[in-house]
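The values are calculated or read from the model by the stated rules, or taken from the named source; none is laboratory data. Because the structure is predicted, anything quoted here is derived from the model rather than measured. Counting neighbours? That spans all protein chains shown, and the Cβs are built from the backbone with ideal geometry, glycine included.
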């Protein structure tokens with residue numbers, strides 16, 4: 001996890017042994033969603049922002065640029081998080 005609380009797929013590869021199940025599920029969902037949506041939108045990725053073990057936001061990023069924030073309680077946020085759980 002980086003200083004600002006985001007979790008990336010790269011972090012999972014480096015810290016897989018140390019990650020909790022929640023972090024692994026969140027990282028997998030973002031990677032799955034990024035792969036599925038990148039066909040039409042280019043280089044999009046999703047980063048889960050966690051606080052005290054809970055996902056508080058999902059950031060949609062294009063490269064290093066923040067595109068939008070998705071509420072994990074919204075329908076779209078729930079779909080993204082569900083992809084993490086099914087991928088794990």
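A compact table of results
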| quantity | calculated |
| --- | --- |
| Residue within the range 53-75 that is part of a loop (DSSP other than H, G, I, E, B) and either in contact with a strand residue (DSSP E or B) (Cβ under 6 Å, 6 or more places away or on another chain) or crowded, with 18+ Cβ neighbours inside 10 Å (or both) present | yes |
| Condition met for residue 27 (surrounded by 14 or more Cβ atoms within 10 Å (Cβ to Cβ) and either at pLDDT 55 or above or within 10 Å of the chain's Cα centre (by Cα) (or both)) | yes |
| Pairs, first within 18 Å of residue 44 (Cβ to Cβ) in the range 69-88, second modelled with pLDDT of 95 or more and part of a helix (DSSP H, G or I), C-beta under 6 Å, six or more apart | 70/76; 70/77; 71/77 |
